[in-house]
Amino acid sequence: LIVKIEFSVQEEKKTNRIIGREYLISLRDGFSYVFDHKKLLKLCFLCILINSAVVPFDALLAPIAREMFSGDAKIVSLLSVSVTIGTILGSLTFAKMKEEKKNNTLVTFCGIVLGVYYVANPITQKLLLLIGSIIIGAALGLMITYVQVKFVKEVTKEYIGRVSAIRFSLTYACAPVVSFVISIIYKVTVVDTSSLFVGFGIVIIILFLLAN
């Protein structure tokens with residue numbers, strides 16, 4: 001019985017080593033495939049940029065609500081719901097758009113819209129802010145859907161799983177890093193939250209212009 005257990009343990013270790021080796025080889029091939037295709041690299045960068053551009057909204061929404069709307073917690077929920085509704089509308093709109101309009105210029109325009117929203121946020125009334133949140137939600141929906149569709153078109157079937165895993169890993173890994181940087185800036189700077197929103201908006205506009 002002991003011999004049988006030891007044999008089973010050894011077989012399990014051997015299997016785990018083989019699986020680990022195959023995983024590393026698969027991961028290496030996936031990265032090689034991405035780096036060999038400039039369009040995929042650009043799409044990965046767009047994914048990171050889009051996801052990172054939303055971080056200031058999530059990170060600074062509560063302070064903005066406290067400073068601009070006297071700590072009204074309802075505005076935080078309303079803005080989040082408005083963005084969600086806009087994202088759904090944006091995704092549905094993308095499906096109805098003409099093919100010639102589904103290009104990098106669309107992403108740049110939507111990114112600029114997001115940046116303008118940040119810049120205008122501190123001076124906008126509550127109703128306009130809600131409308132603006134729906135608009136940026138639609139812009140996010142358009143950008144996200146564009147990138148996803150583009151990825152499927154650019155990646156061959158045998159690499160779709162590996163490349164998608166790399167894309168999602170890079171995209172979501174950057175969000176907490178950006179959030180940490182924003183929190184540090186928020187703590188150490190003497191400017192108010194609205195000024196930070198304006199600054200981040202300008203940076204986002206510049207980055208999306210450069211991304212095109």
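A compact table of results
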| read-out | value |
| --- | --- |
| So L209, is it open to solvent by 40 Å² or more (accessible area, probe 1.4 Å), part of a helix (DSSP H, G or I) and touching a residue at least 60 places away in the same chain (Cβ under 8 Å) | yes |
| Test: residue in region 112-126 that is of a type in the set (V, I, T), in contact (Cβ under 8 Å) with a residue 12 or more places away in the chain and either touching a Lys or Arg at 6+ places or on another chain (Cβ under 7 Å) or closer than 13 Å to I50 by Cα (or both) | yes |
| Qualifying residue in region 160-167 (condition: open to solvent by less than 60 Å² (accessible area, probe 1.4 Å), among the charged types (D, E, K, R) and at pLDDT below 80) | no |
| Sole exception among (1) touching a Leu at 6+ places or on another chain (Cβ under 9 Å); (2) modelled with pLDDT under 80 for D36, by number | (1) |
| Every residue from region 92-128 that is surrounded by 17 or more Cβ atoms within 10 Å (Cβ to Cβ), of a type in the set (S, T, Y) and within 13 Å of Y146 (Cα to Cα) | T108 |
| Residue in region 94-112 that is aliphatic (A, V, I, L, M) and touching a Ser or Thr at 6+ places or on another chain (Cβ under 9 Å) present | yes |
| Hits in region 35-49 - residues which are under 18 Å from A165 (Cβ atoms) and under 8 Å from the mean Cα position of the chain (by Cα) | C47, I48 |
| Single residue of I131, I136, I144, I204 found to be open to solvent by 50 Å² or more (accessible area, probe 1.4 Å), within 25 Å of L92 (Cα to Cα) and under 15 Å from the mean Cα position of the chain (by Cα) | I144 |
| Unique match (being within 17 Å of the chain's Cα centre (by Cα) and part of a helix (DSSP H, G or I)) among V119, V149 | V149 |
| Residue that is surrounded by the most Cβ atoms within 10 Å (Cβ to Cβ), among those in region 168-201 that are farther than 24 Å from M143 by Cα, touching a residue at least 24 places away in the same chain (Cβ under 8 Å) and polar (S, T, N, Q) | T193 |
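Yes/no per residue for (1) touching a Lys or Arg at 6+ places or on another chain (Cβ under 8 Å); (2) modelled with pLDDT under 85; (3) open to solvent by less than 10 Å² (accessible area, probe 1.4 Å):
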| residue | (1), (2), (3) |
| --- | --- |
| L49 | no, no, no |
| A53 | no, no, yes |
| A59 | no, yes, no |
| F69 | yes, yes, no |
| A73 | no, yes, no |
| L79 | no, yes, yes |
| T84 | no, no, no |
| I88 | no, no, no |
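The values are calculated or read from the model by the stated rules, or taken from the named source; none is laboratory data. The model shown is predicted, which means the values in this text are computed figures rather than measured ones. For neighbour counting, all protein chains shown are included, and Cβ atoms are generated from backbone atoms with ideal geometry for every residue, glycine included. These accessible areas exclude ligands, DNA and RNA; they are computed on the full protein's heavy atoms, side chains included. Shrake-Rupley method; radii C 1.70, N 1.55, O 1.52, S 1.80 Å.
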